[in-house]
Amino acid sequence: MQLKLDKPFIGINHLNAHLAANFIDTDLEPPFIALLVSGGHTQIIKVNSYSDMQIIGETIDDAVGEAYDKVARLIGLPYPGGPKLDKLAQEGNPFAFKLPEAKVGEYDFSFSGLKTASLRLVKSFTDKNLPLPLNDICASFQECVSSTLYKKVKHALEQTGFNQVVLAGGVAANSEIRKKIFSLSDLGYKVYAPAMKYCTDNASMVASAAYFFENTFDNIDVEVFSRVK
Ligand SMILES: Nc1ncnc2c1ncn2[C@@H]1O[C@H](COP(=O)(O)OP(=O)(O)O)[C@@H](O)[C@H]1O
Ligand SMILES: [Mg+2]
């Protein structure tokens with residue numbers, strides 16, 4: 001196959017691209033802990049150098065973005081419900097309802113129990129024909145998710161001794177997750193998150209990944225995977 005512009009070709013791992021969004025217009029250099037939260041992934045990654053990184057924790061079921069979109073659908077918000085749920089949450093009381101945090105591995109996540117608990121909470125109103133306290137449900141869900149993420153990332157920083165943390169992926173646009181992760185700077189950590197326009201899938205992050213992470217050229221017929229094993 002001939003490339004029209006006759007430019008070199010580099011195959012990119014989409015997740016690396018989300019991480020690399022943090023190199024755009026910043027002084028960030030490894031090592032750092034990354035929290036990658038998107039529609040398909042929830043991972044804590046130990047980035048030792050540009051060429052050496054390990055996934056130290058991940059979700060055992062739903063990704064954060066997926067949980068947001070599913071709970072949003074449950075309360076009648078159109079897809080993708082994540083950003084809309086975030087907006088309603090900002091008007092609600094985060095402590096109105098206590099929702100469960102999953103007990104899983106040190107750095108792992110599980111959001112299916114939270115999804116079921118949210119369903120039960122919604123039903124407790126609809127079964128009695130009561131109006132849904134939408135803002136409070138959204139705020140309580142958002143509090144549960146963001147505090148779980150915060151605790152695990154803080155633990156990863158403490159255990160590795162790394163002093164920098166990076167937020168990445170489409171859900172990095174979430175107001176409360178950003179707020180909690182940025183509050184780690186009060187504890188002396190350097191915190192990075194992409195500008196809003198670089199959070200969801202975009203071309204700049206792909207170029208940044210090519211430059212920083214994957215700067216060896218590939219053949220144009222390199223295989224494409226929808227999930228990297
Ligand atoms: N402010 C927000 N709060 C919560 N979720 C959000 C927010 N903005 C975007 N999302 C979620 O981010 C996901 C899309 O991110 P993206 O990185 O494009 O995912 P993927 O590449 O895995 O499909 C969707 O699930 C969407 O609901
Ligand atoms: Mg993406």
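The values are calculated or read from the model by the stated rules, or taken from the named source; none is laboratory data. In this text, all values refer to a predicted model and were calculated from it rather than measured experimentally. Backbone-built Cβ (ideal geometry, glycine too); neighbour counts: all protein chains shown.
For the reader, a short list of remarks on this structure follows.
- Within the range 76-89, tally of residues that are in a loop (DSSP other than H, G, I, E, B) and crowded, with 21+ Cβ neighbours inside 10 Å: 1
- Exclusive hit being more than 16 Å from ligand 1 (Cβ to nearest atom), modelled with pLDDT of 95 or more and charged (D, E, K, R), set 87, 103, 98, 70: 98
- Among the residues of the range 7-23, those identified as away from ligand 1 (no atom under 12 Å from the Cβ) and assigned to a helix (DSSP H, G or I) are 16, 20, 22, 23.
- Residue 35 surrounded by 14 or more Cβ atoms within 10 Å (Cβ to Cβ), within 16 Å of ligand 1 (Cβ to nearest atom) and under 21 Å from residue 105 (Cα atoms): yes
- Checking each residue in the range 48-68 for being more than 16 Å from ligand 2 (Cβ to nearest atom) and either closer than 17 Å to residue 206 by Cβ or buried (at least 23 other Cβ atoms within 10 Å of the Cβ) (or both) picks out only 50.
- All conditions in (1) farther than 15 Å from residue 74 by Cβ; (2) part of a loop (DSSP other than H, G, I, E, B) hold for residue 146, with the sole exception of (2).
- Contacts under 6 angstrom Cβ, first residue in the range 105-129 being at negative phi and outside any loop (DSSP other than H, G, I, E, B), partner loosely packed, with under 14 Cβ neighbours inside 10 Å and among the small types (Gly, Ala, Ser), 6 or more apart: none
Yes or no, residue by residue, for (1) assigned to a helix (DSSP H, G or I); (2) more than 30 Å from residue 8 (Cα to Cα); (3) touching a residue at least 60 places away in the same chain (Cβ under 8 Å):
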residue: 167; (1), (2), (3): no, no, yes
residue: 171; (1), (2), (3): yes, yes, yes
residue: 176; (1), (2), (3): yes, yes, yes
residue: 184; (1), (2), (3): yes, yes, no
residue: 205; (1), (2), (3): yes, no, yes
residue: 210; (1), (2), (3): yes, no, yes
residue: 218; (1), (2), (3): no, no, yes
